[in-house]
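Some notes on the structure that comes next.
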Amino acid sequence: MPAKKPHKSQHPPQRKPSSAATTTDWGGVADWYDQLVGESGSEYHREVVLPGVVRLLNPKPGEKMIDIACGQGVLCRLLYGERGVEMTGVDAARELIAVARQRSDPAIRYHVADARELTFLDESSFDAAACVLAIQNINPIAPVFDGVARALKVGGRFV
């Protein structure tokens, strides 16, 4: 009988509450998350989430898109490498952005930034934006929508 593979926990390790302002980034569990998701996404990402996101975004070569809460850059690399999209990724976790930069082509721009504060992005400059499996971790959410609306061109897409 074949040996069983060790089971990877689907839940992040518990974080200790901080005395500083509450944050919702995944920097404190970046190693665990990177082991779970890896360079091209977990099986769930590859088989379910990413195909759906790509279908909804309907990316065209040369378009400019932004991935909000991009983690280690899985969607950025996919859209840049397979679809020829000019990608920008934003995440509050410095540790995950560091991994994204290590794994990605330098043409993909990554920013360590709070998704609720996107004023550093050029106004009306993106064709589409995505926030995949992260919006539930951001509070308050309204500033994210305001920032994305400001960054999108007229008729831009947001999934």
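The values are calculated or read from the model by the stated rules, or taken from the named source; none is laboratory data. These figures come from a predicted structure and were not determined experimentally. Neighbour counts run over all protein chains shown; Cβ positions are idealised from the backbone, glycine included. For accessibility, only protein heavy atoms count, side chains too; no ligands or nucleic acids. Shrake-Rupley method; radii C 1.70, N 1.55, O 1.52, S 1.80 Å.
Laid out as a table, the results:
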| item | result |
| --- | --- |
| Within the range 147-159, considering residues that are in contact (Cβ under 8 Å) with a residue 24 or more places away in the chain and assigned to a helix (DSSP H, G or I), the one farthest from Arg46 (Cα to Cα) | Arg150 |
| In the range 98-111, the residues that are touching an Asp or Glu at 6+ places or on another chain (Cβ under 7 Å) and surrounded by fewer than 18 Cβ atoms within 10 Å (Cβ to Cβ) | Arg103 |
| Hits in the range 110-138 - residues which are among the hydroxyl-bearing types (Ser, Thr, Tyr), closer than 23 Å to Pro61 by Cβ and not in a strand (DSSP E or B) | Ser124, Ser125 |
| Matching entry among Ala30, Ala107, Ala98 (being touching a helix residue (DSSP H, G or I) at 6+ places or on another chain (Cβ under 9 Å), modelled with pLDDT of 80 or more and part of a helix (DSSP H, G or I)) | Ala98 |
| Selection count, the range 76-95, where residues are assigned to a strand (DSSP E or B) and within 12 Å of the chain's Cα centre (by Cα) | 5 |
| Any hit, the range 39-47, residues being modelled with pLDDT under 80, of a type outside the set (Val, Ile, Thr) and open to solvent by less than 60 Å² (accessible area, probe 1.4 Å) | yes |
| The one condition in (1) open to solvent by less than 60 Å² (accessible area, probe 1.4 Å); (2) free of Cβ contacts under 8 Å to residues at least 60 places away in the same chain; (3) touching a helix residue (DSSP H, G or I) at 6+ places or on another chain (Cβ under 7 Å) that Thr88 fails to fulfil | (3) |
| Condition met for Val54 (β-branched (Val, Ile, Thr) and at pLDDT below 95) | no |
| Selection status of Arg77, at pLDDT 95 or above and open to solvent by 30 Å² or more (accessible area, probe 1.4 Å) | yes |
| Residue that is nearest to Pro140 (Cα to Cα), among those in the range 112-126 that are of a type in the set (Gly, Ala, Ser) and open to solvent by less than 40 Å² (accessible area, probe 1.4 Å) | Ala115 |
